[in-house]
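A.B. asks: Below: one structure in structure tokens.
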């Protein structure tokens, strides 16, 4: 039963990633595109964690942690660029 649930969650996360990709390309302004990119980071982390549960290896959890750290830093950099127009002061 858990295997079916993991596969179902993986399919739902793939659909969410596709919808985020559509928002990334068709977003009306830059803030919507940055928010879609940040949501794609979160969904990809969840997809990697679900795949790690499916394959029963702890290696994917470390990869998800690395992507989470990179996603946070890039979100801060994009936000700073939007507010000030410059990343480094």
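The values are calculated or read from the model by the stated rules, or taken from the named source; none is laboratory data. All values derive from a computational prediction rather than experimental measurement. Note that each Cβ is placed from the backbone with ideal geometry, even for glycine, and that neighbours are counted across all protein chains shown.
A.B. asks: From (1) exposed (fewer than 11 other Cβ atoms within 10 Å of the Cβ); (2) out of contact with any helix residue (DSSP H, G or I) (no Cβ under 8 Å at 6 or more places or on another chain), pick out the condition that doesn't hold for residue 58.
C.D. replies: Evaluating residue 58 over (1) exposed (fewer than 11 other Cβ atoms within 10 Å of the Cβ); (2) out of contact with any helix residue (DSSP H, G or I) (no Cβ under 8 Å at 6 or more places or on another chain) leaves (2) as the failure.
A.B. asks: Let me ask another. Report, by residue number, each residue of region 18-35 that is at pLDDT 90 or above and buried (at least 16 other Cβ atoms within 10 Å of the Cβ).
C.D. replies: Once the filter is applied, which keeps residues that are at pLDDT 90 or above and buried (at least 16 other Cβ atoms within 10 Å of the Cβ), region 18-35 yields 20, 23, 24.
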